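Derivation of every value follows stated rules applied to the coordinates shown; laboratory data play no part. These numbers were taken from a predicted model, which means no experiment stands behind them. Using ideal geometry, Cβ is built from the backbone for each residue, glycine included, and neighbour counts are taken over all protein chains shown.
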There are 2 protein chains.
Amino acid sequence: MARNIIVIGSGAAGMSAASAARSADPSASIRVITEDEDIAYSPCAIPWGIEGRSGWDEIVMHTPAFYKEERDIDVLTRTTVESVDGESKTVTAAGQTYPYDSLVIATGGKVFIPPIEGTGLSNVFVVRTVRDGKNIQEALEDAKRVVIGGAGVIGLELAVSFKSMGKDVTVIEMMDQVIPRIADKDMADDIQKHLEDMGINFVMKSPIQAVKGDGKVSGVTAAGKDYPCDVMIFATGVRANLDIPKALGLDIGQLGAVIAAPTMNPYRRGRLVPDIYVAGDLVQCESAVMPGATMSQLGSTAVKQGRVAGNNAAGGEKMLFGPVASPWVSVIGEKQIAGTGLSKGLASWYGIDVAEGCATGLTRARYYPGGKELRVKVLADKTTHRIVGAQIIAGEEATGRIDWLTAAIINGMTAEDFLSRSENAYCPPTSMVKDVVISAVEDLCKKL
Amino acid sequence: MARNIIVIGSGAAGMSAASAARSADPSASIRVITEDEDIAYSPCAIPWGIEGRSGWDEIVMHTPAFYKEERDIDVLTRTTVESVDGESKTVTAAGQTYPYDSLVIATGGKVFIPPIEGTGLSNVFVVRTVRDGKNIQEALEDAKRVVIGGAGVIGLELAVSFKSMGKDVTVIEMMDQVIPRIADKDMADDIQKHLEDMGINFVMKSPIQAVKGDGKVSGVTAAGKDYPCDVMIFATGVRANLDIPKALGLDIGQLGAVIAAPTMNPYRRGRLVPDIYVAGDLVQCESAVMPGATMSQLGSTAVKQGRVAGNNAAGGEKMLFGPVASPWVSVIGEKQIAGTGLSKGLASWYGIDVAEGCATGLTRARYYPGGKELRVKVLADKTTHRIVGAQIIAGEEATGRIDWLTAAIINGMTAEDFLSRSENAYCPPTSMVKDVVISAVEDLCKKL
């Protein structure tokens, strides 16, 4: 009999899992169940969609009809899973009960909204689904002032989009820096200044205390002050969706997400659950930098985990998901900011003392026109000299450089080893003869 | 007494050595002797200088006066070394004899010109020095037709520059592909087609037999056919300048270049020569990919070697130069082509059978405007599954990706390990959620 595979969730992890399952088992029955109305899109694209830089239809890469026709995958949209029975191996949704041989849980995360008054007012949004994006776009038509709660990368990308649409934009952040946790303060301050120069307002060290309004939002109170607005967005970070994992009794880790084996199987009271798989924002990962847990709520991670989960769920040749360094990049106005591995803040969570090496230069040879600023910071563990993290701010070409440094981190290179053995490709229009990445590691070696 | 350090040669290797020596020993007497009239420039910049995209004064980064004032380094330009005496440790140049404690030989390479008639005619050039570039620029003023001998990256970059200046350009190549040796034929053919679409003519599999003319060049004969021209450029590859090493009896390797220890000391009859150092295009390197020798005549390699040689020559804390994967990149018209490690041709030199994985995609998310074509090929040794080489053709951002793959190669990653552990930073304006590099390795794993 054909294997029954059910995937709950239709984001990057869920749809990758469904497709990988189909590749591994051409005859399986594969069903995706999702609350969403759109599938197979990247939430990272929503700021660009709101601004109109990418069309909504383009962002949604494939329709359920595509998956049915091309991959024989059934997708049930706008469908809430009511219950999962791990004993009888069934999923109940919209009154129907579906049996499974393998179940993939890829229900992602939800935006954390603080438990304060007024968050249910109209024109208060989160940014998670294409529907959210369309609703925000509509609300912005009559709006002059927008408040964004949270200065993470999504909050900042939205701020730039709204500003380019002519809005008066204020970002309110609880911490003393933008992009907290994953960026160091000096790098973050550089980005904040760039946004302030664009006319975006920042209110720092100010937890949001209330959302005010009469039916519709009219303002936000933070650290005792009022900030009037017509639209309010919560971009306050993502928490794992644990409803189904908890109902199934799966083990939840220290960071509030599901613990998974390298096969992407979860655990129940310390024992591997062989017929269930997890993938995406609800999973707690292992760090590739330091022994221990980490969160990696990135689209790139979700796709990789989904592929492993789906393949293994379908009995494909066994694949393993490795530990993560979690490289990330964001385009914010004219600048790109990227990071990998540990920031100083994350390093301190592992009890690690880090040395930092910095260098500033250009993305091209000095004499070649059009070169952009390139600023690189590399962090190493003072004890072992291993490179544990890096951050880049650049006018262009940050992504490949951060992927390069990620490869150094996951291979356990020390700063000295990197300096002795690393090479960069050079031609005047694309780099300096000694790339700024190497200059930063040179500086790092002097500090160690 | 102050240490006497003499550096012969003023290119990337020589000037890096002189500067590194100064950093390591503030009190040393440091003297650079060079035949060139300009110093401290990148020969890679000359095509852009001829086209006028970069000014000659910008390309020459520093003058002898700068080195004297800022770093207390004496630079003797337009000065030919007549002899080096390794016994008495002296260098004789322009009638003067200079004693040395440490000698750095960084005399680079010279363009190979085939032993045929007519190469001494006027308007026949090589592209090595700024002077060459200025002479070519002047000759082009009255020229309509240019023949370039050699379809390596310098030949192709020149072809684009000349075409953009309105010249009729013909490239004549002995082999059956452009960028022979370091690029595979399928990648090379893609670049050749791009140039043909720009109106550049190619004559393949045609060794140049004669340069014709009366005083001044009027045409080139290749494989029995005549190609009229007003200017002819030899871009036929670089051979190590071995005059001084041979006079000193230094060991020359299988590839026709000086064998060096990781300290950049050469050998004499198998014994390390402790007071002499070599750096740059005249050095034979060790491969980081396969045990054995390789050539790495790149500006980036020269700078690194110069730094190690100069530091060690000045008694700095010992530095070692590692084996090389030799990543390279070239911007040719609207395309970038980059490579690292072994091409299929180079792999066969080591007796290695390779499998290849390929993928094509975009440099940005599909729905994000402005994405450029990105084509990636990754090669692995069929026996060990180690990644041994990669090539990229892209409209943008090839450099960082090839540096990333270089880090994988020098760390000995297998294709399977790369696929399990590698991550790419993602945001819609700078990459696909699964970067094309990873898709290429996915394809590679299927082939192994």
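Checking the table A:Lys344/B:Lys68; A:Lys335/B:Lys68; A:Lys377/B:Lys318; A:Lys205/A:Lys446; A:Lys372/B:Lys205 against a 29 Å threshold on Cα-Cα, which pairs fail? Write out the running numbers ahead of the final one.
On the way: A:Lys344/B:Lys68 41 Å; A:Lys335/B:Lys68 38 Å; A:Lys377/B:Lys318 25 Å; A:Lys205/A:Lys446 35 Å; A:Lys372/B:Lys205 41 Å.
In this structure, A:Lys344/B:Lys68; A:Lys335/B:Lys68; A:Lys205/A:Lys446; A:Lys372/B:Lys205 lie more than 29 Å apart at Cα.
Using the alpha-carbon positions of the protein assembly as shown, Rg (one decimal) and Dmax (whole number) come out as 30.2, 100 Å.
Scalar couplings 3J(HN,Hα) for region A:147-161, obtained by applying the Karplus form with A = 6.51, B = -1.76, C = 1.60 to θ = phi - 60°, are 10, 10, x, x, 10, x, 4, 5, x, 6, 4, 5, 4, 5, 4 Hz; x denotes Gly and Pro. In this structure, the amide hydrogen of A:Gly213, modeled 1.01 Å from its nitrogen in the peptide plane, lies closer than 5 angstrom to those of A:Ser218, counting only residues at least 5 positions away or on a different chain.
Please say if region B:296-374 is rounded, prolate or oblate, where rounded means a/c under 1.5 for a ≥ b ≥ c the square roots of the C-alpha gyration tensor eigenvalues, and otherwise the choice is prolate for a/b larger than b/c and oblate otherwise?
On the way: a/c = 3.08, a/b = 1.68, b/c = 1.84.
Note, shape of region B:296-374 comes out oblate.
Extending 7 Å from the Cα toward the beta-carbon at both B:Ser27 and A:Lys318 defines two label points whose distance is 6.5 nm. Across region B:346-398 the C-alpha pair distances fall into 10 Å bins from zero in the proportions 24, 38, 24, 12, 2 percent. Label-point spacing for A:Lys225 across the identical copies (point 7 Å from Cα in the Cβ direction), in nm and ascending order: 7.5. Taking amide hydrogens as placed 1.01 Å from N in the peptide plane, the amide H of A:Arg128 sits under 5 Å from those of A:Gly133, each at least 5 positions away in sequence or on another chain.
For chain A, what is the calculated [θ] at 222 nm in deg cm²/dmol (nearest 500), taking -39500 (n - 2.57) for each run of four or more DSSP H residues and dividing by its residue count?
Details: 13 runs with 125 residues, N = 448.
Here the helix-only value at 222 nm equals -8000 deg cm²/dmol.
Partner chain Cβ atoms within 10 Å, averaged over the residues of A:364-372 - can you pull that number for me? Walk me through the numbers on the way to the answer.
On the way: counts 3, 9, 5, 14, 9, 5, 1, 0, 0.
Shielding by partners across A:364-372 averages 5.
Shielding of peptide B:409-415 by partners, expressed as the average count of other chain Cβ atoms within 10 Å per residue Cβ, is 3.
About its Cα centre, what dipole magnitude does region B:328-447 give when the only charges are +1 on Lys and Arg Cβ and -1 on Asp and Glu Cβ, stated in debye to the nearest 20?
Values: 14 positive and 14 negative charges, 38 e Å.
So the magnitude is around 180 debye.
With N set to the residue count of region B:113-236, report its C-alpha Rg divided by 2.2 N^0.38 Å to two decimal places. Each step should come with its number before you reach the end.
On the way: Rg = 13.4 Å, N = 124, 2.2 N^0.38 = 13.7 Å.
The value comes to 0.98.
Overall form of chain A: oblate. Here a/c, set by the Cα gyration tensor axes a ≥ b ≥ c, is 1.5 or more, and a/b is not larger than b/c.
Each of the peptides B:242-254, A:269-281, B:147-159 was scored by the mean count of other Cβ atoms within 10 Å over its residues; in descending order, highest first, they stand as B:147-159, A:269-281, B:242-254. For chain B, a crude dipole built from +1 on the beta carbon of Lys and Arg and -1 on the beta carbon of Asp and Glu, taken about the Cα centre, is about 640 debye to the nearest 20. What the Cβ-Cβ distance of A:Glu58 and B:Glu87 gives, at R0 = 56 Å and to the nearest 0.05, is a FRET efficiency of 0.15. Shortest first, A:Ser122 label-point distances to identical copies amount to 8.5 nm, with the label point at 7 Å from Cα along Cα→Cβ.
Report note on the peptides A:166-172, A:69-75: ranked by the mean count of other C-beta atoms within 10 Å, highest first, their order is A:166-172, A:69-75.
GNM remark for chain A: springs join alpha carbons under 10 Å apart, and the peak mean-square fluctuation among A:Gly120, A:Gly237, A:Gly395 falls on A:Gly120. In this simple spin-label model, placing a label point 7 Å from the Cα along the Cα-to-Cβ direction at both A:Arg181 and B:Asp251 gives a separation of 5.6 nm.
Using the Karplus relation 6.51 cos²θ - 1.76 cosθ + 1.60 with θ = phi - 60°, the per-residue 3J(HN,Hα) values for region B:226-240 come to 9, 10, x, 7, 9, 9, 10, 10, 8, 10, 9, x, 10, 10, 4 Hz, with x marking Gly and Pro. Share of pairwise Cα-Cα distances greater than 26 Å in region A:328-447 is 15 percent (whole percent).
The dipole here belongs to region B:113-236: it is taken about the Cα centre, uses +1 on the Cβ of Lys and Arg and -1 on the Cβ of Asp and Glu, and is about 260 debye. When chain A is turned onto chain B, its residue with the beta carbon nearest the axis, and that distance in whole angstrom, is A:Gly400, 1. Applying the Karplus relation 6.51 cos²θ - 1.76 cosθ + 1.60 with θ = phi - 60° to region B:163-172 yields 3J(HN,Hα) values of 4, 5, 8, x, 8, 8, 10, 10, 9, 10 Hz, where x marks Gly and Pro.
The gain in end-to-end length when the A:Asp214 to A:Trp349 segment is fully stretched comes to 44.4 nm, 0.36 nm per residue minus the alpha carbon separation. Shielding value for B:429-440 is 5, the average number of Cβ atoms from other chains within 10 Å of each residue's Cβ. Across region B:328-447, Cα pairs under 8 Å and at least six residues apart give a relative contact order of 32 percent. Does region B:1-122 come out rounded, prolate or oblate by the C-alpha gyration tensor, with a ≥ b ≥ c the root eigenvalues, rounded set by a/c under 1.5 and, if not, prolate when a/b is larger than b/c and oblate if not? Because a/c hits 1.5 or more and a/b fails to exceed b/c, region B:1-122 counts as oblate. Distances between equivalent label points of A:Arg271 across the copies, with each point positioned 7 Å along Cα→Cβ, amount to 7.3 nm, shortest listed first. The share of Cα pairs per 10 Å bin across region A:139-199, counted from zero up to the longest distance, runs 23, 55, 19, 3 percent.
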